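Structure first, commentary second.
Values in this text are rule-based calculations from the coordinates and carry no lab data. Just so you know, these numbers come straight off a predicted model, no measurement behind them.
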Amino acid sequence: MPMQRTGPLTDAERDVLGRLATGQSRDDIASDRFSSKTMVTMYLSAARDKMGAASGLEAVARFAKAQLLEELIKEERASLIKQPLDEAEEHVNNITHNTIHRYQKRIKELLP
């Protein structure tokens, strides 16, 4: 079955690009995940074509950059979610502190 040269990257293509981006050799990837170095090269070639990259190195660099951007976006989203939660917690703490202070003051007023 010939490899598709258009459309989204397959899991295998993403895996090859990711492993190459972390410095693994084609031989290492082949022995760990695929049957041969030729298969690794075929996945890299298909990914390169789908990405419109001039070389396998460019495809790996683009993939690594995209992965980094995805991580930064995830971190930013988590930060945006956490920020309102932190603000809400601070608000509740302030209300609780003020309420306790009022009750303590009232108790002092009522006690002789």
Structure-derived semi-axes √(5λ) of the Cα gyration tensor in Å: which label, when the choices are (i) 59, 14, 10; (ii) 71, 16, 9; (iii) 45, 26, 15: (i)
Cα-based helix-to-principal-axis angle, 37-51 vs the chain, degrees rounded to 10: 70
The chain: angle of helix 56-110 to the longest principal axis, Cα-based, in degrees nearest 10: 10
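With runs of 4+ DSSP H residues as the only contributors, calculate the mean residue ellipticity of the chain at 222 nm using -39,500 (n - 2.57) per run, divided by the residue total and rounded to the nearest 500. Mind showing how you got there, number by number?
On the way: 4 runs with 88 residues, N = 112.
Rounded to the nearest 500, the figure is -27500 deg cm²/dmol.
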Cα-based helix-to-principal-axis angle, 11-21 vs the chain, degrees rounded to 10: 80
